[in-house]
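Enquirer: Here it is, the structure in full.
The values are calculated or read from the model by the stated rules, or taken from the named source; none is laboratory data. Being a predicted model, the structure only gives us computed values, none of them experimental. Neighbour counts run over all protein chains shown; Cβ positions are idealised from the backbone, glycine included.
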Amino acid sequence: MARRHLLTREMLAGHYDPSLDEREIARHFTLTRDGLELIASRRGDATSLGYAMLMLYLRWPGRVLEAGEAPPMPILAFVARQLDVLPASWRDYARRDETRRTHLADLSRRFGHLVFSRADFHALVAFAMPIAQTVIQPSRLAGIVIDEMRRRRLLLPPVTVIEAIVRRARQQAGNLVHDVLAGDLGQSERAQLDALLSRRDDKSATWLSWLRNPPLSPAPRNILRLIERLDHVRALGIGASRAATIPQAAFNRIADEAARITPQHLAELPDRRRHAILAAAGIRLEESLTDAVLTMMDKLLGSMMRRAENRTKDKAIGTIRSLQAQLRLSARHRDGQAVGCRAGVEHRDQA
């Protein structure tokens, strides 16, 4: 089965084809005084314009203007105005491929442009490999590689070569992460990781599925269930320090993969990759389960505090109501005594 392309010519068009924005044209295709003097030594309008376009394309975007390829008219017209020649002169130059090759050889020698080689391929893979641990998007990584090639004055090769560099760098970066996470594990530790993919006794779910789906509703019994899972993960002996030795983005990528991939699919992966993914799963699960225990404890304590506050409040309200009742009784008793006193006084006055 054919491999899926990471990159296409359309995806890298911004690196291989110059922009037609007026400011970008002026930035990249303005001839210097030295360039004008070099072009002036060429005879004929067609030769001058062709030599200038080859030189400018080597400078930006940093590639050979291929046989039969015509520069975009806005760029061709901009350069032709600087040379005081007609843009149509390009057609005469384009018919002479031998002249084009001779000019390319001369320009490469003068300005130090190098043809891409096998040694450059391996050097650029080594350059891109550490970057591939943090840069996920293939097109972005390709852009960094292309910028480095321009810095080294390497002429841009076909997109398929750039894709091969990106693919190899990503592969080596992945292998390095796998080695860091699980490369030094012993047989017993690897067996414990593989056991996560087996079924729990007579249960239908695997140990990994059980760990991935902890209870989250606050309840005392669920605290015990979370702690049981946390103890199971810690028994694997996969320290979090392994994750600290690789870039955080690289660990997050493999940990996210560990959270998505099914146990059945995991069991079919090569040993090195499978054990690395399971190790990342163990580290991430220990973190998430610890957070879940603490969060649930906070919720339970908060619930207990609210219940205690409510009980205290109810007790205080009951006490206040009892005092109010006693006060009302006392007030009625006092009022009754006052009425009796007034009646006695009136009786004496009448007598």
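Enquirer: A88 versus (1) over 26 Å from A276 (Cα atoms); (2) among the aliphatic types (A, V, I, L, M); (3) without any contact (Cβ under 8 Å) to a residue 40 or more places away in the chain; (4) surrounded by 17 or more Cβ atoms within 10 Å (Cβ to Cβ): which is the lone unmet condition?
Expert: (4)
Enquirer: Residue by residue through the range 194-231, note down the ones that are of a type in the set (K, R) and within 20 Å of H275 (Cβ to Cβ). Steps first, answer last, please.
Expert: First, pick out the residues of the range 194-231 that are of a type in the set (K, R): 199-200, 203, 212, 221, 225, 229.
Matches in the range 194-231: R199, R212.
Enquirer: Quick test of your reading of the structure: W207 fulfils all but one of (1) in the same structural domain as L269 (by TED's automatic domain parsing); (2) within 28 Å of the chain's Cα centre (by Cα). Name the failing condition by number.
Expert: Of (1) in the same structural domain as L269 (by TED's automatic domain parsing); (2) within 28 Å of the chain's Cα centre (by Cα), only one is false for W207: (2).
Enquirer: Looking at A235, A169, can you tell me which residue is touching a residue at least 24 places away in the same chain (Cβ under 8 Å) and either in contact with a Leu (Cβ under 8 Å, 6 or more places away or on another chain) or of a type in the set (V, I, T) (or both)? Don't jump to the end; show me each part of the working.
Expert: On the way: A235 fails: either in contact with a Leu (Cβ under 8 Å, 6 or more places away or on another chain) or of a type in the set (V, I, T) (or both).
When all the criteria are applied, what remains is A169.
Enquirer: Go through the range 235-260 and report how many residues are buried (at least 18 other Cβ atoms within 10 Å of the Cβ) and either touching a Phe, Trp or Tyr at 6+ places or on another chain (Cβ under 7 Å) or not in a helix (DSSP H, G or I) (or both).
Expert: Total satisfying the criteria: 4.
Enquirer: Check I261, I238 and return the single one that is within 21 Å of Q192 (Cβ to Cβ) and touching a Gly at 6+ places or on another chain (Cβ under 6 Å). Explain how you work it out, then say what you get.
Expert: Numbers: I261 fails: touching a Gly at 6+ places or on another chain (Cβ under 6 Å).
Only one candidate qualifies: I238.
Enquirer: Say we look at the range 175-193 and pick out the residues that are free of Cβ contacts under 8 Å to residues at least 24 places away in the same chain and not acidic (D, E); which of these is nearest to L278 (Cα to Cα)? If you could, list the steps in order and put the result at the bottom.
Expert: Quick first cut of the range 175-193, residues free of Cβ contacts under 8 Å to residues at least 24 places away in the same chain only: 184, 186-188, 191.
Next cut, not acidic (D, E) only: 186-188, 191.
Details: G186: 14, Q187: 14, S188: 14, A191: 11 Å.
The extreme case among them is A191.
Enquirer: Taking the criterion of being under 18 Å from T8 (Cβ atoms), outside the structural domain of V64 (by TED's automatic domain parsing) and touching a residue at least 24 places away in the same chain (Cβ under 8 Å), would at least one residue in the range 149-158 satisfy it?
Expert: yes
Enquirer: Then there is this: Going by the structure shown, is R200 over 27 Å from G302 (Cβ atoms), touching a helix residue (DSSP H, G or I) at 6+ places or on another chain (Cβ under 7 Å), charged (D, E, K, R) and surrounded by fewer than 18 Cβ atoms within 10 Å (Cβ to Cβ)?
Expert: Details: over 27 Å from G302 (Cβ atoms): yes; touching a helix residue (DSSP H, G or I) at 6+ places or on another chain (Cβ under 7 Å): yes; charged (D, E, K, R): yes; surrounded by fewer than 18 Cβ atoms within 10 Å (Cβ to Cβ): yes.
When the stated conditions are applied, R200 passes them.
Enquirer: Checking the structure you have, find out if any residue of the range 167-185 is farther than 19 Å from A280 by Cα, basic (K, R) and in a loop (DSSP other than H, G, I, E, B). Please lay out each step first, then the result.
Expert: Just the residues of the range 167-185 that are farther than 19 Å from A280 by Cα, to begin with: 167-169.
Okay, now just the ones that are also basic (K, R), so 167-168.
Checking the rest, the ones that are also in a loop (DSSP other than H, G, I, E, B) come to none.
No, because not a single residue in the range 167-185 is farther than 19 Å from A280 by Cα, basic (K, R) and in a loop (DSSP other than H, G, I, E, B).
Enquirer: Return yes when A164 is touching a Phe, Trp or Tyr at 6+ places or on another chain (Cβ under 9 Å) and closer than 17 Å to R253 by Cα and no when it is not. Working first, answer last.
Expert: Details: touching a Phe, Trp or Tyr at 6+ places or on another chain (Cβ under 9 Å): yes; closer than 17 Å to R253 by Cα: no.
For A164, the condition - touching a Phe, Trp or Tyr at 6+ places or on another chain (Cβ under 9 Å) and closer than 17 Å to R253 by Cα - is not met.
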